[in-house]
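The values are calculated or read from the model by the stated rules, or taken from the named source; none is laboratory data. Source: prediction; values computed, not measured. No Cβ is skipped: glycine too gets one built from the backbone with ideal geometry, and neighbour counts run over all protein chains shown. The area values use the complete protein model at the heavy-atom level, side chains included, leaving out ligands, DNA and RNA. Shrake-Rupley method; radii C 1.70, N 1.55, O 1.52, S 1.80 Å.
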Amino acid sequence: MPLGLAVAGANVNDFKLARDTLESIPVKRPRPRLGHPQNLCLDKGYDFDEVRSLVAAFGFTAHIRSRGEEAQLIKRRARFKARRWVAERTHSWMNRFRRILIRWEKEPQNYVAMLHLTLALITFGQSGLLLG
């Protein structure tokens, strides 16, 4: 389930949007406890010390894997479950909505509203609440 959203140009590195994305989480999170940490899975684009300290400041446990690392673990352990493909899968689902595939809106708030609507439809569709 997507938790936060930050919009920028295609030429902005992922790690530069980490703070904006974490600050945009609209739901109040429970406090992380020793037995129940709150995990955050990120890809190689976030593999920077600055991001690791930011994620820790927000109370998450960072899981940042480099490319190919999970493929090697899957080959070695039969029951290993990949984590980082969730973001890529969500982007793929978002590409089904033509309205956001190409940004036609001139105002950023209109585009953000369309992204929120798209993510809501994806979330409800995956939970089985939408029919058809």
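Normalised radius of gyration (Cα atoms, divided by 2.2 N^0.38 Å) for the chain: 1.17. Ligands, DNA and RNA aside, R89 has an accessible area near 70 Å² when probed at 1.4 Å. Basic side chains Lys and Arg get +1 at the Cβ, acidic Asp and Glu get -1 at the Cβ, and with that the dipole of the chain about its Cα centre reaches some 620 debye.
Here the sum of -39500 (n - 2.57) over DSSP H runs of 4 or more residues, divided by the residues of the chain, equals -12000 deg cm²/dmol at 222 nm, to the nearest 500. Phi angles of the range 104-114 translate, via the Karplus equation with coefficients 6.51, -1.76, 1.60 and θ = phi - 60°, into HN-Hα couplings of 9, 6, 7, 8, x, 5, 5, 5, 4, 4, 5 Hz per residue; Gly and Pro are given as x. If you sort I64, I102 by accessible surface, 1.4 Å probe, largest first, the order is I102, I64.
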